[in-house]
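My questions all concern the structure below.
The values are calculated or read from the model by the stated rules, or taken from the named source; none is laboratory data. The structure displayed is predicted, hence computed values, not measured ones. When we count neighbours, we look across all protein chains shown, and the Cβ atoms used for this are built from the backbone with ideal geometry, even at glycine. Note: accessible area is taken over every heavy atom of the protein model, side chains too, but ligands, DNA and RNA are not part of it. Shrake-Rupley method; radii C 1.70, N 1.55, O 1.52, S 1.80 Å.
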Amino acid sequence: MISPVAEYWPRFGLSPEDLMERARECCGRAYAPYSGFPVGAAVLTEWGKVVGGCNVENASYGMSLCAERVAMAGAALAGSRHPLAIAVASGRPAFCPPCGACRQFLSEFNPEIDVVLSVDGRLEIYRLDFLLPHRFKLEMT
Ligand code: THU
């Protein structure tokens with residue numbers, strides 16, 4: 001289900017297109033020599049700061065980092081505990097929704113974060129709880 005453009009964007013003088021543009025810039029910084037699949041991401045914090053990330057691969061493939069997790073880790077370092085939105089861009093025209101692991105990682109901070117994606121040259125926004133129903137929660141009762 002596609003979400004409408006939320007009320008917080010104009011408060012920060014930003015649009016989903018601006019966030020996607022930042023994600024595309026970050027995609028240009030990707031280190032993806034093994035897959036040849038660069039990805040960029042940009043997180044919008046709860047106070048309107050944008051924090052970027054790109055995928056960073058490794059010769060030991062499993063150590064590779066996804067762009068979304070790099071961006072979210074940077075946002076957490078900047079103090080974000082309830083980010084509002086994340087845009088994801090790959091170097092290709094293809095639809096690039098976050099992988100399952102990144103969905104879980106993002107849900108730690110905001111299970112309803114807006115995920116801005118580029119689909120056939122236009123933007124679509126999905127709430128994370130639509131992309132990841134029944135996220136894992138550590139409940140030890
Ligand atoms: N990748 C991301 O950065 N984000 C995702 O959500 C899925 C995949 C990266 C990991 C790897 O460097 C490359 O894309 C190919 O899987």
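State the Cα centre-to-centre distance between the range 80-141 and the range 1-34 in whole Å.
Measuring centre to centre over Cα atoms gives 12 Å.
Of all trypsin sites (Lys or Arg not before Pro) in the range 32-119, which ones are in loop regions per DSSP and have a Cβ with at most 14 other Cβ atoms within 10 Å?
Passing both the DSSP loop test and the Cβ count: LYS49, ARG81.
Please work out whether the range 85-141 counts as rounded, prolate or oblate from its C-alpha gyration tensor, where a ≥ b ≥ c are the square roots of the eigenvalues and a/c under 1.5 means rounded, while otherwise a/b larger than b/c means prolate and anything else oblate?
Note, shape of the range 85-141 comes out prolate.
Specify the longest stretch of the chain that does not include any exposed loop site, a site being one of the chymotrypsin sites (Phe, Trp or Tyr not before Pro) with a non-H, G, I, E, B DSSP assignment and at most 14 other Cβ atoms within 10 Å.
Working: sites that count: TYR34, TRP47, PHE95, PHE136.
Longest stretch, sites excluded: 48-94.
Could you give the semi-axes, largest first, of the ellipsoid that matches the chain, computed as the square roots of 5 times the alpha carbon gyration tensor eigenvalues and rounded to whole Å? If you can, show how the numbers build up before the last one.
Details: eigenvalues 90, 73, 43 Å².
Those come to 21, 19, 15 Å.
Sticking with this structure for a sec: For the range 1-32, run through the GluC sites (Glu not before Pro) and keep only the ones in DSSP coil with at most 11 other Cβ atoms within 10 Å of their Cβ.
Sites meeting the loop and neighbour criteria: GLU7.
Of SER64, SER90, SER107, which has the largest mean-square fluctuation in a 10 Å C-alpha GNM of the chain?
SER64
Another question, then. On average, how much accessible surface per residue is there in the chain, in Å², for a 1.4 Å probe, leaving out ligands, DNA and RNA?
Value returned for the chain: 55 Å² of accessible area per residue.
Now, a different point. Through the Karplus equation 6.51 cos²θ - 1.76 cosθ + 1.60, θ set to phi - 60°, convert the phi angles of the range 102-109 into ³J(HN,Hα) values in whole Hz; use x for Gly and Pro.
Residue by residue, the range 102-109 yields 5, 4, 4, 4, 5, 5, 4, 9 Hz.
Please report the orientation-averaged projected area of the range 23-62, defined via the convex hull of its C-alpha atoms, in nm².
3.1
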